[in-house]
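The values are calculated or read from the model by the stated rules, or taken from the named source; none is laboratory data. Predicted model only: the values in this text are computed from it and were never measured. Please note: Cβ atoms are built from the backbone with ideal geometry, for glycine as well, and neighbour counts cover all protein chains shown. Quick note on the areas: whole protein, heavy atoms, side chains included, nothing else; ligands and nucleic acids left out. Shrake-Rupley method; radii C 1.70, N 1.55, O 1.52, S 1.80 Å.
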Amino acid sequence: MVRVEEATEVSDELVAAFRRLVPQLSKSAPPTSREELDEIARSPATVLLVARDDAGTVVGSLTLVVFRIPTAMRAWIEDVVVDEAARGTGVGELLNREALRVAAGRGAKTVDLTSRPAREAANRLYQRLGFKQRDTNVYRFEL
């Protein structure tokens, strides 16, 4: 049985888990440092969710960002990753459902995310959970 919890403190075990998980999410991203994880865990704008298996091993994570804008409280899901060995077992669904629950509890009107088309299983999951593809352009400016 997998359980999802908010990581509010950063341990050596959590740092090691992110060293294992981040390369599975992005080949170009550097490993997340203890300081960066601590900043995420302590920020009132972010919720760091981790999924643990029966043995307590971190098998996935998701970062939820909740923020106020002039028109409403909004939320954004970022950096969803499930360990390769745990994919297809419902971990991603549990992480996303918990993120939606937390976002609603914090008053978010909407929750957005992006997902590359090549991530077919993830895209099917998001649609199954009720996410709708938006007719919009996503732009990025690299600093």
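Taken over segment 107-139, the criterion of being surrounded by 15 or more Cβ atoms within 10 Å (Cβ to Cβ) and in a loop (DSSP other than H, G, I, E, B) is satisfied by Ala108, Leu113, Ser115, Phe131.
Among the residues of segment 77-85, some residue qualifies, meaning at least one is in a helix (DSSP H, G or I) and not hydroxyl-bearing (Ser, Thr, Tyr). Applying the selection to segment 37-77, what residues are within 22 Å of Ser11 (Cβ to Cβ), basic (Lys, Arg) and buried (at least 16 other Cβ atoms within 10 Å of the Cβ)? Selection gives Arg52 alone. In segment 88-106, the qualifying residues are those that are at pLDDT 95 or above and open to solvent by 80 Å² or more (accessible area, probe 1.4 Å), and the one that is nearest to Val59 (Cα to Cα) is Thr89. Within segment 87-106, the set of residues being over 25 Å from Arg68 (Cβ atoms), assigned to a loop (DSSP other than H, G, I, E, B) and of a type in the set (D, E, K, R) comprises Arg87 only. Restricting to segment 21-34, what's the tally of residues that are under 10 Å from Val81 (Cβ atoms) and in contact (Cβ under 8 Å) with a residue 12 or more places away in the chain? Residues meeting the conditions: 4. Evaluated against (1) within 24 Å of Ile40 (Cα to Cα); (2) assigned to a loop (DSSP other than H, G, I, E, B); (3) under 16 Å from the mean Cα position of the chain (by Cα), Glu142 falls short on exactly one condition, (3).
Within segment 26-33, can one find any residue that is open to solvent by 80 Å² or more (accessible area, probe 1.4 Å), at pLDDT below 95 and of a type in the set (D, E, K, R)? Yes: segment 26-33 contains one or more residues that are open to solvent by 80 Å² or more (accessible area, probe 1.4 Å), at pLDDT below 95 and of a type in the set (D, E, K, R). All conditions but one from (1) touching a residue at least 24 places away in the same chain (Cβ under 8 Å); (2) open to solvent by less than 40 Å² (accessible area, probe 1.4 Å) apply to Val15; the one that does not is (1).
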